[in-house]
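The values are calculated or read from the model by the stated rules, or taken from the named source; none is laboratory data. Just so it is clear, the structure is predicted and the values come from calculations on it, not from any experiment. Counting neighbours? That spans all protein chains shown, and the Cβs are built from the backbone with ideal geometry, glycine included.
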Amino acid sequence: MPLIASVIGYLLGSLPVGYLVGRLHGIDVRDHGSGNVGTTNILRLLGLKWAVGVLLLDAGKGYLACALAAWLGLGPEFIALVGIIAIAGHNWSIFLGFRGGKGAATTAGVFLYVTPIALALGLAIAALLWITTRYMSLGVIVGVGIGALWAVLFSAYPLAYRGATVIAFAWILIRHRDNIVRLVKGEERRLGQKEHYRGSEK
């Protein structure tokens, strides 16, 4: 059962929602904006409506992967593992040549299942930073970090769940390393700087 859940979790995480939404609009989002298939690039390219859809579906991948593991009767260790594997699927999708997004939304879905209070805290911090700085990446990095820190130090969730938040945060840092460099240099794009492509809605 753990192997089956892990494979399904990876394939579920690998579903390239942002890429498919871009294709519905006749573009390959990897060739526009930041080149990423995640929510932020979809927001810049296609607007809020489509970005929200991608966000919810990408988050759903992480949540459903964990729920599937639980439904199969697996314990916290394997539920956490399958959640992490789903994030890996999003980041390194088999359908995109083992490339993908940065994992923020799918991480949120995993947090929602394993540590919902940490997710709520992280989202509150992230939203505050998005409003005050308009740096999407900064909000994601700090929000996930604060959520993971709370889960590890103050929560009563199973150890495997708390460990999963730390691994997820480490991957957030790795996948956002270019953003971190640009933030330090003051070159990071702010939320609202919309990217256009030929034929896009203005």
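Remarks
- Selection of the stretch 2-29 for residues being part of a helix (DSSP H, G or I), touching a Phe, Trp or Tyr at 6+ places or on another chain (Cβ under 7 Å) and closer than 17 Å to PHE98 by Cα yields SER14, VAL29.
- Complete set of residues in the stretch 1-24 that are of a type outside the set (A, V, I, L, M, F, W, C), more than 16 Å from ALA88 (Cβ to Cβ) and in contact (Cβ under 8 Å) with a residue 60 or more places away in the chain: GLY18, TYR19
- Count - residues of the stretch 66-95 that are under 22 Å from VAL52 (Cβ atoms) and surrounded by fewer than 24 Cβ atoms within 10 Å (Cβ to Cβ): 3
- Positions within the stretch 56-94 being out of contact with any Gly (no Cβ under 9 Å at 6 or more places or on another chain) and within 20 Å of ASP31 (Cα to Cα), in sequence order: ILE94
Residue by residue, here is whether (1) over 13 Å from the mean Cα position of the chain (by Cα); (2) of a type in the set (A, V, I, L, M); (3) surrounded by 18 or more Cβ atoms within 10 Å (Cβ to Cβ) holds:
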{"residue": "MET1", "(1), (2), (3)": "yes, yes, no"}
{"residue": "ALA5", "(1), (2), (3)": "yes, yes, yes"}
{"residue": "GLY9", "(1), (2), (3)": "yes, no, yes"}
{"residue": "LEU12", "(1), (2), (3)": "yes, yes, yes"}
{"residue": "HIS32", "(1), (2), (3)": "yes, no, yes"}
{"residue": "ARG44", "(1), (2), (3)": "yes, no, yes"}
{"residue": "LEU48", "(1), (2), (3)": "yes, yes, no"}
{"residue": "ALA51", "(1), (2), (3)": "no, yes, yes"}
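- Residues that are without any contact (Cβ under 8 Å) to a residue 12 or more places away in the chain and in contact with a helix residue (DSSP H, G or I) (Cβ under 8 Å, 6 or more places away or on another chain) within the stretch 35-51 comprise just one, GLY35.
- Within the option set ARG189, ARG182, being among the charged types (D, E, K, R), farther than 25 Å from ALA120 by Cβ and either modelled with pLDDT of 95 or more or not in a loop (DSSP other than H, G, I, E, B) (or both) holds for one residue only, ARG182.
- Flag for LEU81 being over 14 Å from the mean Cα position of the chain (by Cα) and in contact (Cβ under 8 Å) with a residue 60 or more places away in the chain: yes
- ILE27 vs. criteria farther than 22 Å from LEU112 by Cα, surrounded by 20 or more Cβ atoms within 10 Å (Cβ to Cβ) and of a type outside the set (S, T, N, Q): no
- TYR63, sole failed condition from (1) under 16 Å from the mean Cα position of the chain (by Cα); (2) surrounded by 22 or more Cβ atoms within 10 Å (Cβ to Cβ): (2)
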